[in-house]
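J.: After the structure tokens below, expect a handful of questions from me.
The values are calculated or read from the model by the stated rules, or taken from the named source; none is laboratory data. What you see is a predicted model; the values in this text were computed from it and never measured. Cβ coordinates were reconstructed from backbone atoms using ideal geometry, including for glycine residues, and neighbour counts include every protein chain displayed. For the accessible areas, the whole protein counts, side chains as well, though only heavy atoms, and no ligand, DNA or RNA atoms are used. Shrake-Rupley method; radii C 1.70, N 1.55, O 1.52, S 1.80 Å.
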Amino acid sequence: MAQLIIGDKTYELPILEGKCGPNVLDIRKLYEQTGLFTYDPGFTSTASCDSKITFIDGELSVLMYRGYPIQELAENCSFLEVAYLLLNGELPNLDQKKEFDTHIVHHSLVHEQLIHFYQGFRRDAHPMAIMVGVVGALSAFYHDSVDIYDHKQRELASYRLIAKMPNIAAMAYTYSIGRPMVYPRNDLSYVENFLSMMFSLPSEPYKANKVLVDALEKIMILHADHEQNASTSTVRLAGSSGANPFACISSGITALWGPAHGGANEEVLKMLHMIGSKDRIPEFIARAKDKNDSFRLMGFGHRVYKNYDPRAAIMRQICYEVLTELGIEDDPLLQLAIELEQIALDDPYFVERKLYPNVDFYSGIVLRAMGIPVTMFTVLFAVARTVGWVAHWREMISDPKQRIGRPRQLYLGNTSKHFTSLYDR
Ligand code: ACO
């Protein structure tokens, strides 16, 4: 129990203990008892829910999905096994895996009418803009999976979202370059299917390179969940009002798109191109430190990690593997990134603020080497994160404590104003 003293009154606040990580001060009755709100813009000290899905220790570089270290999952699992784990709490056995894979495979087609949606977009639209629209539109097509209080419908919506997302994403790309849309194939794995839908032509099917498929599988596992980040919290907040799952996931895509969040992988690559050569690194480091300059070192820093992002360490390794496989280990962008990372890690500004590379720092270099277009980087992130969003949405809906999310505010606006007519103002 913690004690809060305000004036001559003392209030008792329960302290809740998690399985690991900081304990939590339970302030649910604070307003009722004291008439006070707490103030925490950016939620730096606020736990918005309890969860059993993902745990991060930002000081010790720990990331676990359902208790399993991310390193073990990335090394040993397929993306769909990890999806099953995040959704259901445990890794699947052989039968469960077979059943889950079958559900996903059999929901990968989209309604033909949905395909016509794409023609309404400009060809030069950012694929994330298309994703927001098309995923939101799924609720107009799948009426039998929008009742959030029906367990079976929630399950069906989960399969549909996870299964259709690569198809929807690939169509956003093929549409933008004027290629025919490619249907999913049931004989391919989730990741191979995505690559096939992105790069196959009717005249020439795409033959995936095993090393690249394995790398993409790992990349997707690394991006599958990250506890209550901005996009997941957005999904939870939207879902807390009872909104349908497709609309909620679309709102997550919107939040993910921002350069401070999932959009950073695209921005890292733009930044490396802008820097151009190693001799210009000091100039950009100086700009990143200058408070009068809006430039930030993209792919650096994290709200939770105050140490190396464990995903970035794995991503760095994947980067070497992919570039070696492709025979481009001396890729100038990779060399520039390595040098930039070292200079930043030795700089007191970054050291004092505990700013380390995050997952996005190396992902752009790998994805680009694999032939994924830059505008598709964040889309790929959204495909992988859909699993995490769905897992959190389901956890929230099944939580009996769940209420509509409704933060309060500290009002600093005008008071006591009175109306004057238009002509007297
Ligand atoms: N470059 C330069 N300075 C930075 C950077 C950066 N990338 N990141 C943080 N800082 C500085 C801030 O200016 C601030 O300095 P101050 O204390 O002197 O004012 C201090 O470090 C703390 O930064 P905040 O912005 O308060 O940290 P916050 O937790 O709010 O932001 C964020 C985290 C958004 C990730 C930030 O580090 C950032 O903008 N990074 C670049 C974008 C990026 O890579 N985003 C991807 C995150 S991972 C993901 O979402 C998948």
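J.: Can you pull out the chymotrypsin sites (Phe, Trp or Tyr not before Pro) in the range 1-80 that DSSP calls coil and that have at most 16 other Cβ atoms within 10 Å?
T.: Of the chymotrypsin sites (Phe, Trp or Tyr not before Pro), the ones in loops of the range 1-80 whose Cβ has at most 16 other Cβ atoms within 10 Å are Phe37, Tyr39.
J.: With a ≥ b ≥ c taken as the square roots of the eigenvalues of the C-alpha gyration tensor of the range 242-336, please select rounded if a/c is under 1.5 and otherwise prolate if a/b is larger than b/c or oblate if it is not? Don't skip to the end; give the middle numbers.
T.: Working: a/c = 2.13, a/b = 1.34, b/c = 1.59.
Judged from the Cα gyration tensor, the range 242-336 comes out oblate (a/c at least 1.5, b/c at or above a/b).
J.: Another one. At 1.4 Å probe radius, can you tell me the per residue accessible area of the range 245-398 in Å²?
T.: Heavy-atom SASA per residue in the range 245-398 reads 38 Å².
J.: In Å³ and rounded to a whole number, note down the convex hull volume per residue for the Cα atoms of the chain.
T.: Expressed per residue, the convex hull around the Cα atoms of the chain is 208 Å³.
J.: Here is a further query. Sticking with the crude label model, points 7 Å out along Cα→Cβ, report the distance from Leu60 to Lys401 in nm, one decimal please.
T.: In this crude spin-label approximation the distance works out to 2.3 nm.
J.: So, R0 is 30 Å and r is the distance between the beta-carbons of Asp187 and Leu326; what FRET efficiency does that work out to, to 0.05?
T.: Values: r = 26 Å, r/R0 = 0.85.
Approximately 0.70, to the nearest 0.05.
J.: While we're here: Under a plain spin-label model, where a point goes 7 Å from the Cα along Cα-to-Cβ, how far apart in nm are Lys306 and Ile177?
T.: Calculated label separation equals 4.4 nm.
J.: With n ≥ 4 as the cut-off for DSSP H runs, can you work out [θ] at 222 nm for the chain, using -39500 (n - 2.57) per run divided by the number of residues, rounded to the nearest 500?
T.: -15500 deg cm²/dmol
J.: Right, something else. If you find the alpha carbon centre of the range 123-195 and of the range 378-425, how far apart are they in angstrom?
T.: 25
J.: Assuming 0.36 nm per residue, please report the length gained on full extension of the stretch Asp26 to Glu12 beyond their Cα-Cα distance.
T.: 4.1 nm
J.: Quick one, could you list the DSSP H helices from the chain stretching 18 Å or more along their long axis (Cα atoms) with average Kyte-Doolittle hydropathy of 0.5 or above?
T.: 210-223, 332-346, 377-397
J.: Continuing with the same structure: Give the residue list of trypsin sites (Lys or Arg not before Pro) in the range 192-273 that are DSSP loop and have at most 12 other beta-carbon atoms within 10 angstrom.
T.: Listed in order of number, the matching sites are Lys207.
J.: Now a separate question. First compute the accessible area of the chain with a 1.4 Å probe, then give the percent of it belonging to carbon and sulfur atoms.
T.: Carbon-and-sulfur percentage of accessible area, whole number: 54.
J.: Between Tyr206 and His143, what is the label-point separation in nm under the 7 Å Cα-to-beta-carbon projection?
T.: 3.5
J.: Where does each of Ser189, Ser363, Ser398 land when they are ordered by accessible area, with a 1.4 Å probe and the largest first? Each step should come with its number before you reach the end.
T.: Details: Ser189 45, Ser363 0, Ser398 75 Å².
Result of the area sort, largest leading: Ser398, Ser189, Ser363.
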